[in-house]
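Please read the structure below before turning to the comments.
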Amino acid sequence: MKYNDFLDNKRKTTLNSGFEVEEINNKLFPFQRDIVKWALKKGKAAIFADTGLGKTPMQLEWAHQIHKKTGGKVLILAPLCVSQQTIREGNKFDIKASYCRQSEELKDGINITNYEMMKNFDLSQFSGIVLDESSILKYQMGKTRTEIIEKCSKIPYRLSCTATPSPNDFMELGSQCEFLGIMTATEMLAMFFIHDGGETSKWRLKGHGKKVFWEWMASWACVIKNPSDLGYSDDGFNLPPLNMIEHQVECKAPDGFLFPEIAKGLLDRNRARKESVDERVKQCADIVNKTSGQWVIWCHLNEESEKLRKAIPGSEDIKGADSIEKKEDTIERFTNGQLDVLISKPSISGFGMNWQHVNNMAFVGLSDSWEQFYQAVRRCYRFGQKKEVNVHIICAETEGAVLENIKVKEKKNNEMSASMVKQIKDIVKCEINNLKISKEVYMTDSVKTDKYEMINGDCIEETKNIESESIDYTIFSPPFSSLYTYSNSDRDMGNSSGDGEFFEHFEFLVSELFRITKPGRNLSFHCMNLPSSKQNHGFIGLRDFRGELIRKFIEAGWIYHSEVCIWKDPVVAMQRTKALGLLWKQIKKDSAMSRMGLPDYVVTMRKPGINPDPIKHTPEEYPVKRWQQIASPIWMDINQSNTLNKVEARENDDERHICPLQLEVIERCIELWSRKNDLVFSPFGGIGSEGYQALIMERRFKGIELKRSYYDVACKNLASVKHAQISIFDEIESLTN
């Protein structure tokens, strides 16, 4: 493969696997028609559209077009009681869909069933599948998530539909893309995310991975909160006011206390809810019984549900233990206006239902789940609602700041959702309208003197321009696979989905390094073995990164010449990484998982052939004591902080790991494997550490660095060497003159 072809393949965009259509249901809004066309062209896609934007007609039209194209059956998996609602929506858009509970009931065309019934079907028989309210995939280790992904893996056309997913729940995004067959959640995390030790379930986008991540996500997911996000008119989609009305129920103080005890934690809040059931039910009943019209009442406990039903005439409740038939019948009658008051839990009825005809609801008790609260409110407060929506929230004063916590979470989520849409909307617009996303423009720069040349560019492209067999010695520290990301360029080897892609990229460089090195001369690289994680690799252990690098050089024709192990303080490593194997407390739990710290290595390779310019040292230059120190297989005396200043090169999006190689390590290698005036090369020049030390030791230097901020600092460091070489007598002479 040519290098440019590799870069094109590396760019993380999803290839189209669907088909193009011209005629789309004209009852859809223009933005809905264009989204459906895009999703059909993709073949496997996600529609993350906010509540009320018409995911149901969009998914029905998508399914209709899949059936029309393939002649095969299409299945829509939906939450409980949403199926009949979907069939009614289909009738509005002249799309026929059939409800079924088992395989024998399947009809030709579009079929709908509940997630609970999925076990009754062989999903491999379908040409297409739609997940309605696909946030069901969010629980990373959930049984339902795993079952859906596995059973749908052979279906050629797949569509995932939900309201805009939580922008901070990257696990859910990983599950969505894994369902669609784009990449596994593990690959996504390795490619774009990082955790900072300790809580490995909390991931954040790599600083320089943000732009690439949003471009990648936009290649398979349409994220939209309003039609205007994609350049369409918002007419008809503006919502009326939402009124949050808080009612706080007073509670009695315990014996011996003047005031009620306020809950401090989850257990205390649960106890407070149980103790205040009667008061909260009474408050809700007083509000509802004084009004007319339909109400949705959300509760948290079965006891609340039962007492509310008795306190509010004409109401009916739904509990988890009820049969599917009872749940469906009750919800159907409420949806049709035959039931005035529905009492349920957000976990049962809070997803997927379209109740824009209802504008009053009450929460008799809140859980700490912002998502359940949000989804429950959006059953009524959604595009298509014509009236102001009144949401009554009834809490006991002893429950603490539950509502405040919900409000804080809501504000944070709104801010992050707005940020996500802002990041992605222009890219999505290009995708929807079939426009090309501008690619990175490759630009280079350089500084050249009679002693050194520093190049800002891609090390593979620029190494190709170096004369064959012109380099005397090479020393560098490569990116450690995908462990850290230094820039958002596809040319950056650290921007890899995993070890496989990194080494595929690295191989292009290894062969060029072999070409430019003189026969019999050496190349040294600094590395370490890399930790593996359960999330990324399926196990906690180590990966033989050092060994794999050695193998790549041997495959390119190099001779494995030598290596030295460099000691590192395990206490410092533990404090920085919080690695489980280094924690002292792990000794007390199970020391079978404890391990030693990870040293650094400097591995040296040699190009076959006779060295045309032997490197000779006099006993004065290289006394026996010095040689014994260098020849030791372990260097215990390297000062880890003896590096060039790295602060100046740091950018806002840089991760914590900027790691210039220790100057003493470079000094020992250059001293042993090169002569004065030899040309020393570093393809990963960084901030110029190898060049700085080479110039001090009267060698010439050529370096390449992709990242501009590092390159700029490297140029300063290299330029400063001439000042460092001026003697004190020269300084005095210049002052006197």
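Derivation of every value follows stated rules applied to the coordinates shown; laboratory data play no part. These numbers come from a predicted model, not from an experiment. Here the Cβ is made from the backbone with ideal geometry for all residues, glycine too, and neighbour counts use every protein chain on show.
Odds and ends about this structure:
- Put simply, the amide H of residue 249, placed in the peptide plane, has neighbours under 5 Å in 395, 396, 397, leaving out anything fewer than 5 places away on its chain.
- Across all C-alpha atoms in the range 445-732, the radius of gyration and Dmax reach 19.4, 65 Å.
- Spin-label pair residue 242-residue 271: with each label point 7 Å from Cα along the Cα-Cβ axis, the two points sit 3.4 nm from one another.
- You can think of it this way: the chain between residue 405 and residue 9 has 138.1 nm of extra reach, that is 0.36 nm per residue less the Cα-Cα gap.
- Kirkwood hydrodynamic radius (C-alpha pairs) into Stokes-Einstein, the range 1-84, 10 °C and 1.306 mPa s, D in µm²/s: 108
- Residue list for the range 76-109, given a label point 7 angstrom along the Cα-to-Cβ vector of residue 119 and an amide N cut-off under 11 Å: none
- log10 of Debye I(q)/I(0), alpha-carbon scatterers only, for the range 2-147 at 0.08, 0.11 Å⁻¹: -0.24, -0.45
- Candidate cross-link partners of residue 425 among the aspartates and glutamates, defined by an alpha-carbon separation under 18 Å and a same-chain spacing of 8 or more, comprise 34, 50, 215, 229, 234, 415.
- Our compactness index for the range 511-633, the C-alpha radius of gyration over the empirical 2.2 N^0.38 Å, is 1.40.
- Here's the picture: charge each Lys and Arg Cβ at +1 and each Asp and Glu Cβ at -1 in the range 445-732, and of 545, 645, 532 the one pushed furthest to the positive end of that dipole is 532.
- With 21 Å as the limit, the listed pairs 151/210; 69/96; 451/716 have 151/210 beyond it between alpha carbons.
- Cα→Cβ-extended label distance, 7 Å offset, between residue 708 and residue 387, nm: 5.8
- Gain in span if fully extended, residue 211 to residue 449, counting 0.36 nm per residue against the direct Cα distance: 82.1 nm
- Extension gain, residue 27 to residue 637: 0.36 nm times the residue separation minus the Cα-Cα distance gives 212.0 nm.
- In sequence order, the range 581-589 has phi-based couplings of x, 9, 6, 5, 5, 5, 4, 7, 7 Hz under the Karplus curve 6.51 cos²θ - 1.76 cosθ + 1.60, θ = phi - 60°, and Gly or Pro positions carry x.
- Two-decimal ratio, the range 446-584, of alpha-carbon radius of gyration to 2.2 N^0.38 Å: 1.20
- Efficiency of FRET between residue 504 and residue 628 - r from beta-carbon atoms, R0 45 angstrom, step 0.05: 0.65
- Look at the dipole of the range 28-230 built from charges on Cβ: of 149, 113, 227, the Cα furthest out on the positive end belongs to 227.
- In this structure, residue 562 and residue 667 have a Cβ-Cβ separation that, at R0 = 22 Å, corresponds to a calculated FRET efficiency of about 0.85.
- Principal axis box of the range 28-230, alpha-carbon based, largest edge first, Å: 51, 38, 28
- Listed pairs 448/707; 211/552; 27/73; 44/429; 143/345; 327/412 exceeding 26 Å between Cα atoms: 211/552; 327/412
- Candidate cross-link partners of residue 588 among the lysines, defined by an alpha-carbon separation under 28 Å and a same-chain spacing of 8 or more, comprise 202, 534, 568, 578.
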